[in-house]
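Take a look at the structure below.
The values are calculated or read from the model by the stated rules, or taken from the named source; none is laboratory data. All values reported here derive from a predicted model rather than from experimental measurement. Counting neighbours? That spans all protein chains shown, and the Cβs are built from the backbone with ideal geometry, glycine included. Side chains included, ligands, DNA and RNA excluded: accessible areas come from the protein's heavy atoms. Shrake-Rupley method; radii C 1.70, N 1.55, O 1.52, S 1.80 Å.
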Amino acid sequence: MNENKKIPQHVAIIMDGNGRWAKQRGKDRSEGHFAGMMALRDTVKAAAEMGVKYLTVYAFSTENWGRPQAEVEALMQLVCKGVEMNTPELRERGVRVEVIGARERFSSEVNAALDRIISSTASGQRMTLVLALNYSSRSELTAAVQRLARRVAEGEIRAEQIDEQMISQSLYTASMPDPDLIIRTSGECRLSNFLMWQASYAEFYFTPTLWPDFGEEQLREAVEAFGARDRRYGLVK
Ligand code: FPP
């Protein structure tokens, strides 16, 4: 956290409401997701300009595979299109892209697109954009428990040595600071299996704005609300 300007170091967003945005306009849900990608572009630009260092977005949850096949397919295509459309600008702006989630379930085409955007933005220093794709907190924690259990079984560590830091280091987010501010759009007020461990001391901001209508102005409002919060971390002032 940058204490002077009260800019959160890490903002995480649950981008919700693309479907409702499309429905209100008599459009297909996939058009809502495309508009959502455009909102993400604006938000990335605004966050980088504000001095946010990490922006994590929930782009596809492990539960989203259960949506109609055509919608899942549209979202996969959008990932490929998003890579193609946005890589040059991200490079120019010094934004590095990372992915969290179980990538093995994606097609080789999607994984190749993700590899492309990760490698071509790897030198970005200004901000890290973290795409949560086929991500869920419970599966992330389950995988971490399995990894640690294996290390115990192999005699590499003792069970008593497992501490909070070791668990944090076993998550996809090992190299990142915890989120300071978690934003959810579209009026829903829940975490939906997103960064549950990492959100322990995050401030939450819920807005009725549907994700495709989110952008610089709405991000500024959220950051301003964050700046007015009194973060005590369980302590007394
Ligand atoms: C939730 O809205 C949104 C998603 C499941 C997809 C989010 C994806 C984007 C914003 C596009 C970003 C793209 C890339 C390439 C990272 P919803 O469909 O649940 O909306 P609803 O609740 O109104 O139905």
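Over all projection directions, the Cα-based convex hull of region 132-229 averages an area of 7.6 nm².
Amide H contacts of Ile13: Thr56, Val57, Tyr58, Ile183, each under 5 Å away and 5 or more positions distant or on a separate chain (H built 1.01 Å from N in the peptide plane; Pro and chain starts excluded). Amide H contacts for Arg229 (H built 1.01 Å from N in the peptide plane; partners 5 or more residues away or on another chain; cut-off under 5 Å): none found. Protection proxy ranking for 189-196, 178-185, using the average of other Cβ atoms within 10 Å per residue and placing the highest first: 178-185, 189-196. Shown in residue order for region 161-173 are the 3J(HN,Hα) couplings computed by the Karplus curve 6.51 cos²θ - 1.76 cosθ + 1.60 at θ = phi - 60°: 7, 5, 10, 4, 5, 5, 5, 4, 6, 9, 9, 4, 8 Hz (x for Gly and Pro).
Of the DSSP H helices in the chain, those with a Cα length along their own long axis of 15 Å or more and a mean Kyte-Doolittle hydropathy reaching 0.0 comprise 108-120.
For region 22-171, with all protein chains in place and a probe radius of 1.4 Å, 48% of the accessible heavy-atom surface sits on carbon or sulfur.
For region 12-28, the Karplus equation 6.51 cos²θ - 1.76 cosθ + 1.60, evaluated at θ = phi - 60°, returns couplings of 10, 10, 9, 7, 10, x, 4, x, 5, 4, 5, 4, 4, 9, x, 9, 6 Hz by residue, with Gly and Pro reported as x. Placing +1 on the Cβ of every Lys and Arg and -1 on the Cβ of every Asp and Glu, with no other charges, gives the chain a dipole of roughly 120 debye about its Cα centre.
At a probe radius of 1.4 angstrom, the accessible area of region 1-145 per residue rounds to 48 square angstrom.
Summing Lys, Arg as +1 and Asp, Glu as -1, what charge do residues with Cβ under 14 Å from the Cβ of Ala102 carry, Ala102 excluded? Could the numbers behind the result be given before it?
Numbers: positive: Arg103, Arg105, Arg138, Arg147; negative: Glu63, Glu104, Glu140.
Every neighbour counted, the sum reads +1.
Across the alpha-carbon atoms of the chain, the computed radius of gyration and Dmax are 18.2, 60 angstrom.
For a straight C-alpha distance cut-off of 14 angstrom, the aspartates and glutamates reachable from Lys27 (same-chain residues fewer than eight places away being disregarded) are Glu71. Estimated purely from DSSP H runs of n ≥ 4, each contributing -39500 (n - 2.57), the mean residue ellipticity at 222 nm for the chain is -14000 deg cm²/dmol once divided by its residues.
The label-point distance for Glu154 and Arg220, in a model that sets each label 7 Å from Cα toward Cβ, rounds to 5.2 nm.
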